[in-house]
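A.B. asks: Could you have a look at this structure, given as structure tokens, before my questions?
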Amino acid sequence: QFLYFIAEKPTAMLSRVAVPRAFARAAVPAVGASAQARHLNIHEYSSKQLLNEFGCKTEFGIMCESLEEVKAACAKIKTEKKVVKSQILAGGRGKGTFKDGFQGGVHVCADADKALEVAGKMLGNTLVTKQTGEKGLVVKKLFVTEVVPAIKRELYCALLLDRATCKPTFIASTEGGMNIEEVAATKPDAIKKLPVSVHDGISEDACREFAKQLGFDTEGCEKMTKQLIGIYNLAKSKDATMVEINPLVELENGDVMCIDAKLGFDDNAQFRRPEIWAHEDVGQKDAKEVKADKYDLNY
């Protein structure tokens, strides 16, 4: 069933049935890959809602659109430190720069007062990253979260499509984290792959073996397996073309969590996944692209 929905839409072009361009190269993670001209990306907070729905563990967080909502969110977050994340549909937020010179679209704040101060500098401001171009994107939403304590290590994990085999494939690296592009370029052998059968799906045994290759102990293998099964079920059930977790972290207490998430969906799935398209943020799209969408055109 994985990705076969494309053939169900009569107007879908044959050239788009084979392999979505979102899965650019099997050995190179999605972080730098070219996306489809017509491709739905959703915000981090929405991605994590979906991950939670399928049993994947993430940190607690609340989406906010005003300083009043940020203040209320901080009161509900138990950790003294808070993380304030700009929500734009582009990567490189942490190293981005706002038009007024304020540095970073992701901040770890010492307390609620500092979180409120940082939020005030982000909301309504334009964030420029390596993926937005010089024009940047206006930050209208924030994701305020708890701080994840005692991180033992960071990994990269994504479910993509291997262009060579036309199979869904898990790609992961113990040297991933925030520098996965560099790892892919300089240490390709550090990237592990786990092919998934289109017909039979993926087994828990295969996930455990994959987790073992990534350095998890017996207990950690079970927890990583749960994350992998959840990611696969999400992609299969919601017609996702990409589920990228960067970083996926292992904590000192043995827990495994998805700390940042990026999900993508082919627009051919829109007719049967209205609940996914409800997450679309049209305000983050180019006005000409929005107009083209109305006429089912690529722009």
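A.B. asks: Tell me yes or no: at least one residue of segment 252-263 is in contact with a Gly (Cβ under 8 Å, 6 or more places away or on another chain), on the phi > 0 side of the Ramachandran plot, of a type outside the set (Lys, Arg) and not in a helix (DSSP H, G or I).
C.D. replies: yes
A.B. asks: I'm checking my understanding of the structure. Among residues of segment 167-195 that are within 30 Å of residue 60 (Cβ to Cβ) and touching a Lys or Arg at 6+ places or on another chain (Cβ under 6 Å), which one is surrounded by the fewest Cβ atoms within 10 Å (Cβ to Cβ)?
C.D. replies: 171
A.B. asks: Would you list the strands (runs of 3 or more DSSP E) that sit entirely within segment 53-120 and hold 3 or more residues that are of a type outside the set (Ser, Thr, Tyr) and more than 30 Å from residue 229 (Cβ to Cβ)? I'd like the intermediate steps shown before the answer.
C.D. replies: Values: elements: 61-64, 82-86, 106-109.
Of the strands (runs of 3 or more DSSP E) lying wholly inside segment 53-120, those with at least 3 residues that are of a type outside the set (Ser, Thr, Tyr) and more than 30 Å from residue 229 (Cβ to Cβ) span 106-109.
A.B. asks: Please go through (1) crowded, with 17+ Cβ neighbours inside 10 Å; (2) at pLDDT 95 or above for residue 16 and return the number of the only condition it doesn't satisfy.
C.D. replies: (2)
A.B. asks: Identify, from the list 94, 61, the residue that is under 26 Å from residue 255 (Cα atoms), in contact with a helix residue (DSSP H, G or I) (Cβ under 8 Å, 6 or more places away or on another chain), surrounded by fewer than 20 Cβ atoms within 10 Å (Cβ to Cβ) and at pLDDT 50 or above.
C.D. replies: 94
A.B. asks: While we're here: Among the residues of segment 143-161, which ones are of a type in the set (D, E, K, R) and either over 18 Å from residue 175 (Cα atoms) or not in a strand (DSSP E or B) (or both)?
C.D. replies: The one that is of a type in the set (D, E, K, R) and either over 18 Å from residue 175 (Cα atoms) or not in a strand (DSSP E or B) (or both): 146.
A.B. asks: Would you call residue 226 assigned by TED's automatic domain parsing to the domain that holds residue 173, at pLDDT below 95 and farther than 21 Å from residue 161 by Cβ?
C.D. replies: Criteria not met by residue 226.
A.B. asks: Taking the options 132, 165, name whichever one is assigned to a loop (DSSP other than H, G, I, E, B), of a type in the set (Val, Ile, Thr) and assigned by TED's automatic domain parsing to the domain that holds residue 96.
C.D. replies: Only one candidate passes the filter, namely 132.
A.B. asks: Filter segment 230-255 for residues that are over 15 Å from the mean Cα position of the chain (by Cα) and over 20 Å from residue 59 (Cβ atoms) and give the result.
C.D. replies: Within segment 230-255, 233, 236, 237 meet the criteria.
A.B. asks: Ok, one more. Give the number of residues within segment 50-87 that are over 21 Å from residue 264 (Cβ atoms), within 20 Å of the chain's Cα centre (by Cα) and among the acidic types (Asp, Glu).
C.D. replies: Count: 1.
A.B. asks: Now, a different point. Just to be sure, is residue 164 farther than 25 Å from residue 66 by Cβ and either surrounded by fewer than 18 Cβ atoms within 10 Å (Cβ to Cβ) or of a type in the set (Phe, Trp, Tyr) (or both)?
C.D. replies: Yes; evaluated as a whole, the condition is true for this residue.
A.B. asks: Quick one: which residue in 118, 106 is within 23 Å of residue 87 (Cβ to Cβ), surrounded by 15 or more Cβ atoms within 10 Å (Cβ to Cβ), in contact with a His (Cβ under 6 Å, 6 or more places away or on another chain) and without any contact (Cβ under 8 Å) to a residue 60 or more places away in the chain?
C.D. replies: After applying the criteria, what remains is 118.
The values are calculated or read from the model by the stated rules, or taken from the named source; none is laboratory data. All figures in this text were calculated on a predicted structure; none of them were measured in a lab. Note that we place each Cβ from the backbone using ideal geometry, even for glycine, and neighbour counts take in every protein chain shown.
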